[in-house]
């Protein structure tokens with residue numbers, strides 16, 4: 001099956017498709033990361049305005065790693081980073097070592113946030129879309 005366009009995916013989110021069409025879309029989305037990314041972005045952008053089907057909610061949560069929701073575990077990296085940053089000034093002999101570890105933990109904290117996960121997912125989708133569209137543009141330029 002070819003990837004459905006944005007109108008069909010939007011209709012899926014709005015529950016405007018028949019059961020057969022919904023089944024086809026769900027089967028396709030299960031194997032197509034690009035379409036799943038488009039659905040995730042569309043769902044997130046209209047979170048309050050749209051009613052998302054339960055099947056898609058579960059796939060989105062699984063994709064974003066939100067199923068086993070903990071009480072903000074990524075803050076431990078932020079606090080560890082801040083503590084090591086302050087220790088770098090207390091122990092001047094190990095200033096550089098503490099500072100490097102603080103920077104690494106700070107980077108880990110930034111990358112574990114949900115915003116970073118969404119941005120990475122969007123960029124992956126854009127890169128994949130460019131790969132798909134690149135051969136088409138080469139063919140049309142050769143004519």
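For every residue, the table says whether it meets (1) surrounded by 14 or more Cβ atoms within 10 Å (Cβ to Cβ); (2) part of a helix (DSSP H, G or I); (3) in the same structural domain as residue 130 (by TED's automatic domain parsing).
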{"position": "10", "(1), (2), (3)": "yes, yes, yes"}
{"position": "16", "(1), (2), (3)": "no, no, yes"}
{"position": "23", "(1), (2), (3)": "no, yes, yes"}
{"position": "29", "(1), (2), (3)": "yes, yes, yes"}
{"position": "36", "(1), (2), (3)": "yes, yes, yes"}
{"position": "40", "(1), (2), (3)": "yes, yes, yes"}
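So, in segment 88-110, exactly how many residues are closer than 30 Å to residue 43 by Cα and loosely packed, with under 13 Cβ neighbours inside 10 Å? Residues in segment 88-110 being closer than 30 Å to residue 43 by Cα and loosely packed, with under 13 Cβ neighbours inside 10 Å: 1 in total.
The values are calculated or read from the model by the stated rules, or taken from the named source; none is laboratory data. If you're wondering where the values come from, they're calculated on a predicted model, not measured in any experiment. Because the Cβ atoms are built from the backbone with ideal geometry, glycine has one as well, and the counts that use them run over all protein chains shown.
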